[in-house]
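Okay, structure first, notes after.
The values are calculated or read from the model by the stated rules, or taken from the named source; none is laboratory data. Just so it is clear, the structure is predicted and the values come from calculations on it, not from any experiment. When we count neighbours, we look across all protein chains shown, and the Cβ atoms used for this are built from the backbone with ideal geometry, even at glycine. Side chains included, ligands, DNA and RNA excluded: accessible areas come from the protein's heavy atoms. Shrake-Rupley method; radii C 1.70, N 1.55, O 1.52, S 1.80 Å.
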Amino acid sequence: MPVTGGFSETRDATKKTQKLCDQVKPEVEKETGKNFKEFVAVKYSRQTVAGTNYIIKVHVGGDNYILLSVFEALDFNGGAVELKDVQENKTNEDPLTPF
């Protein structure tokens, strides 16, 4: 059972999670200096605040993964999606922990 205000358990990615990744992909590529041919959300965890914080594991080809920290504002606050941070050099086994 998740802790109130804490992040959820890790879940398999959904169409919504992939859509969030697609929205921030240009910013991720700019920040990392890389162009990702593969950019597939595989796992995520979320935290409900005044909007939603996401930690998303993204497969970027071969054995390579990155973690994204993404914030999605509430609809009545514009529903904007914002990339907060990126962690590179991750593996499929790395846990989803807030950063």
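Brief remarks follow.
- Label zone of ASN92 (point 7 Å out along Cα→Cβ, amide N under 18 Å): in the stretch 20-42 this covers 38-42.
- Summing charges over all other residues whose Cβ lies under 13 Å from the Cβ of LYS16, with Lys and Arg as +1 and Asp and Glu as -1, gives +1.
- Relative to the longest principal axis of the Cα atoms of the chain, helix 15-32 runs at roughly 60 degrees.
- Here semi-axes √(5λ) of the Cα gyration tensor in Å was computed from the coordinates, and among (1) 21, 17, 11; (2) 25, 16, 15; (3) 24, 20, 12 the match is (1).
- Largest to smallest accessible area among PHE71, PHE99, PHE76 [probe 1.4 Å]: PHE76, PHE99, PHE71
- Taking all protein chains together and rolling a 1.4 Å probe, ASP63 ends up with roughly 130 Å² accessible.
- In the chain, excluding the sites themselves, the longest stretch lacking any of the GluC sites (Glu not before Pro) that are in a DSSP loop with at most 16 other Cβ atoms within 10 Å is 39-92.
- Ignoring lysines fewer than eight residues from LYS16 along the same chain, the ones with Cα atoms less than 23 angstrom from its Cα are LYS25, LYS30, LYS37, LYS43, LYS57, LYS84, LYS90.
- Helical content of the chain, expressed as a calculated mean residue ellipticity at 222 nm, amounts to -6000 deg cm²/dmol (DSSP H runs of 4 or more residues, -39,500 (n - 2.57) each, divided by residue number, nearest 500).
- Residues in the chain average 61 Å² of solvent-accessible surface per residue, probe 1.4 Å, ligands and nucleic acids excluded.
- Relative contact order, percent, the chain [alpha-carbon distance under 8 Å, six or more residues apart]: 23
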